[in-house]
Amino acid sequence: MLDIKLQNLPSFGKLFVGITTSLMLCVVLWSMLIFYVDQGIMEEDDKPLYLQDKSEQVEKSYEEHQGESQLRHNVGLAHTHINGQTLLYFVLGFIFLFTSAKEKIKKYVYWIFGIAVFTHSVGLTGQGFYSIFDDLLSLSGVTLLVIIPYMSLLIIVDLFKLPEGRTE
């Protein structure tokens, strides 16, 4: 059994884990921003400059992708997502190993996170072909946007705990 605990890390170890976990939360926040922009929930004037539509860029992008098949596009998108999400799974999951969460909770979290990454990729691959793929994509996306902050917050809580044996 692993006997390493986050609360017992030296200060530089806590700093590394804290920054890594904060960056993971930024991934979630950026995903939500992209969703809001795509759904039109955010007004064009409120978007950062690099997200605002530039008519020439949009037309050029459309012409470049016009000949590309929808399935090819989807598979490429799914490939990119599964790479990035697997990296998130590994990094966050590895750090999560050393939290004070119960073993049973850790098992559930790992299974849910892993299945969500896989189903998200399947959903992306078939997006726009059948509604089941769109449903898979939505459900797995929400699951990822819940499980990543959950793990991150448990990690951050453990970082602020006093090391074992100290009562300051």
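Listing for the model above:
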item	result
Verdict on I148 being out of contact with any Gly (no Cβ under 8 Å at 6 or more places or on another chain) and part of a helix (DSSP H, G or I)	yes
Only listed residue being small (G, A, S) and part of a loop (DSSP other than H, G, I, E, B), chosen from G128, G123, G114	G128
L139, sole failed condition from (1) farther than 24 Å from R72 by Cα; (2) touching a residue at least 12 places away in the same chain (Cβ under 8 Å); (3) under 15 Å from the mean Cα position of the chain (by Cα)	(1)
Some residue of the range 86-103 being part of a helix (DSSP H, G or I), touching a residue at least 24 places away in the same chain (Cβ under 8 Å) and over 14 Å from T21 (Cα atoms)	yes
Evaluation of K161 against (1) at pLDDT below 95; (2) closer than 13 Å to S31 by Cβ (one fails), failing number	(2)
Unmet requirement for P149, which otherwise passes all of (1) over 11 Å from the mean Cα position of the chain (by Cα); (2) at negative phi	(1)
Residue in the range 153-168 that is surrounded by 14 or more Cβ atoms within 10 Å (Cβ to Cβ), within 15 Å of the chain's Cα centre (by Cα) and assigned to a helix (DSSP H, G or I) present	no
Yes/no for A78 being among the small types (G, A, S), modelled with pLDDT under 90 and either over 30 Å from I19 (Cβ atoms) or assigned to a helix (DSSP H, G or I) (or both)	yes
Residue that is at negative phi, touching a helix residue (DSSP H, G or I) at 6+ places or on another chain (Cβ under 6 Å) and of a type in the set (V, I, T), where the choices are V117, V157	V117
Scan of the range 118-136 for residues that are of a type outside the set (G, A, S), more than 14 Å from the chain's Cα centre (by Cα) and under 16 Å from S31 (Cβ atoms), ordered by number	L124, Q127
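The values are calculated or read from the model by the stated rules, or taken from the named source; none is laboratory data. Note that the coordinates shown come from a computational prediction; the quantities given were computed from them, not determined experimentally. Here Cβ is always computed from backbone atoms with ideal geometry, including for glycine, and neighbour counts include all displayed protein chains.
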